[in-house]
């Protein structure tokens, strides 16, 4: 009888280990530019569009405001973003990159390439993995 509850039979376990390993590979690269991994994700969103609401950032990153608010406060303390309440609706908080935050993008440009090198896997394999993960994530919707 095949025991389906053995750890080596689980799909989730290698994915969990991979996620931990990838974040560990990011750590020294992000430490060099003064960001944590969650802060880096927020900055990626803001580098695409310099000003967005907390709600929009949360949706893009699948983070709730309880997680996002302290993270954004720390980014503001680092003078990378400015948080301002909307004049039309004070419940809406806008997040805008500062010049320092925008310039940090230059220091982060090399990170994706360094990550590919650190993972020691072909771009094609990584692209296939990403596409499969996205397919699985989208199938839940």
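No value in this document is a laboratory result; all are computed from the given coordinates. All of these numbers come straight from a predicted model, not from anything done at the bench. Note that each Cβ is placed from the backbone with ideal geometry, even for glycine, and that neighbours are counted across all protein chains shown.
Please compute the contact order of the chain in relative form: average sequence separation of alpha-carbon pairs under 8 Å and at least six residues apart, divided by the residue count, as a percent. 19 percent.
The GNM of the chain, with springs linking C-alpha atoms under 10 angstrom apart, assigns the highest mean-square fluctuation among 45, 93, 121 to 121. Helix 65-77 axis versus longest C-alpha principal axis of the chain: approximately 60°, rounded to the nearest ten. Comparing 52, 109, 39 in a Gaussian network model of the chain (Cα springs below 10 Å), the most mobile by mean-square fluctuation is 109. Here the alpha carbons of the range 7-139 define both size measures, Rg and Dmax, at 16.8, 54 Å. Once the C-beta distance of residue 78 and residue 109 is scaled by a Förster radius of 22 Å, the resulting FRET efficiency is 0.70 to the nearest 0.05.
Specify the angular offset, from 0 to 90 degrees and rounded to the nearest 10, of the alpha carbon long axis of helix 12-31 from the longest principal axis of the alpha carbons in the chain. The angle comes out at about 40 degrees. The helix-only estimate of mean residue ellipticity at 222 nm for the chain, built from DSSP H runs of length n ≥ 4 each weighted as -39500 (n - 2.57), is -20000 deg cm²/dmol after division by the residue total. Helix 37-48 versus the longest principal axis of the chain: what is the Cα-based angle in degrees, 0 to 90, to the nearest 10? The helix 37-48 is inclined about 60 degrees to the chain. Note on residue 65 and residue 6: the extension gain reaches 17.6 nm, defined as 0.36 nm multiplied by sequence separation minus the Cα-Cα distance.
The label-point distance for residue 92 and residue 31, in a model that sets each label 7 Å from Cα toward Cβ, rounds to 4.1 nm.
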